[in-house]
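These notes are about the structure you will find just below.
The values are calculated or read from the model by the stated rules, or taken from the named source; none is laboratory data. What you are looking at is a predicted structure, and each value in this text was computed from that prediction instead of being measured. With ideal geometry, Cβ positions are generated from the backbone for all residues, glycine too; neighbour counts draw on all protein chains shown.
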Amino acid sequence: MTKNSEFTMPTVYIESTVISYHNSRPSRDLIVAAHQELTREWWKNILPKCSLFISQFVLDEISRGNPKASDKRIKSVERLLRN
């Protein structure tokens, strides 16, 4: 890398499953619980180093369902989009 080159953050497309794994209560299913934990670690450690892209379809999808759960999903995405 030369002095004049700029670092470009990788762009990551986030789909609704990732958002749901990050925000849902821990599952009793060991495989799902492992996916949730890996997602939370990735969300905390890797995602801040990326440029985030979320489609309107995903935003619509995470807005559905239980009002408290959907509010939690939306707020977590809003925090990322602000950064």
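Restricting attention to the range 48-71, does a residue exist that is surrounded by 10 or more Cβ atoms within 10 Å (Cβ to Cβ) and touching a His at 6+ places or on another chain (Cβ under 9 Å)? No, the range 48-71 has no match at all. Quick check, is Val32 over 22 Å from Leu81 (Cβ atoms), free of Cβ contacts under 8 Å to residues at least 60 places away in the same chain and surrounded by 13 or more Cβ atoms within 10 Å (Cβ to Cβ)? Considered against the rule, which asks whether it is over 22 Å from Leu81 (Cβ atoms), free of Cβ contacts under 8 Å to residues at least 60 places away in the same chain and surrounded by 13 or more Cβ atoms within 10 Å (Cβ to Cβ), Val32 comes out as yes.
Being part of a helix (DSSP H, G or I), in contact with a Pro (Cβ under 9 Å, 6 or more places away or on another chain) and modelled with pLDDT of 90 or more holds for only one residue in Glu37, Glu61, Glu41, and it is Glu37. Considering Ser24, Ser63, Ser55, Ser51, the condition of being in contact with a strand residue (DSSP E or B) (Cβ under 6 Å, 6 or more places away or on another chain) and of a type outside the set (D, E, K, R) is satisfied by Ser51 alone.
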